[in-house]
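K.L.:
Next up is a structure, given as structure tokens.
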Amino acid sequence: MKAWHRGAWAVTFVVSLFAVVQIMLLPHGHHSGSVPLVTTIALFVVFGVASLVFRDHYEAKAREREGKPEPPWRKRLREALRPAHTEDGGAAEQPAADEP
């Protein structure tokens, strides 16, 4: 991600956030109560869980190819929530807090 222009990421984020608020949270027309908010939260949770399931699936395939045993689900969840690693096995470079 760092290789791409930060301004482009910022513009993409702002446009996406605007779309979520205008289209899903504040729809024009009929009064629908809290349905848009509930829908947004449900979709966010579903997408997050699906992301973790897909990641675990491909990690399991990699472990199987390497002949490693499958760790318990709690350890797999901790690994899934850790920062990503590079192809050479080292931790991915994280930007410094004072970096622009």
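Values quoted throughout were computed directly from the atomic coordinates according to the rules given, and no laboratory measurement underlies them. These numbers were taken from a predicted model, which means no experiment stands behind them. Cβ sites come from the backbone with ideal geometry, for glycine too, and all protein chains shown count toward neighbours.
K.L.:
Output the peptides 15-25, 64-74 sorted from most to least packed, where packing is the average of other Cβ atoms within 10 Å over each peptide's residues.
P.N.:
So the peptides 15-25, 64-74, ranked by packing, come out 15-25, 64-74.
K.L.:
Find the Rg to Rh ratio for the range 32-83, where Rh is the Kirkwood radius over alpha-carbon pairs and Rg uses the same atoms.
P.N.:
1.20
K.L.:
In whole Hz, with x marking every Gly and Pro, tabulate ³J(HN,Hα) for the range 59-69 from phi via Karplus 6.51 cos²θ - 1.76 cosθ + 1.60, θ = phi - 60°.
P.N.:
In residue order, the calculated couplings are 5, 5, 5, 5, 4, 4, 5, 7, x, 8, x Hz.
K.L.:
Further question on the same structure: Putting +1 on Lys and Arg Cβ atoms and -1 on Asp and Glu Cβ atoms, find which of ALA50, LEU37, ALA62 reaches farthest to the positive end of the dipole of the range 32-83.
P.N.:
Checked the options; the winner is ALA62.
K.L.:
To continue, here is another question. Points 7 angstrom from Cα along the Cβ direction at ARG6 and TRP73: gap in nanometres?
P.N.:
4.0
K.L.:
Subtracting the Cα-Cα distance from 0.36 nm times the residue separation, let me have the gained length for LEU81 to PHE54 in nm, one decimal.
P.N.:
Contour length minus Cα-Cα distance gives 8.4 nm.
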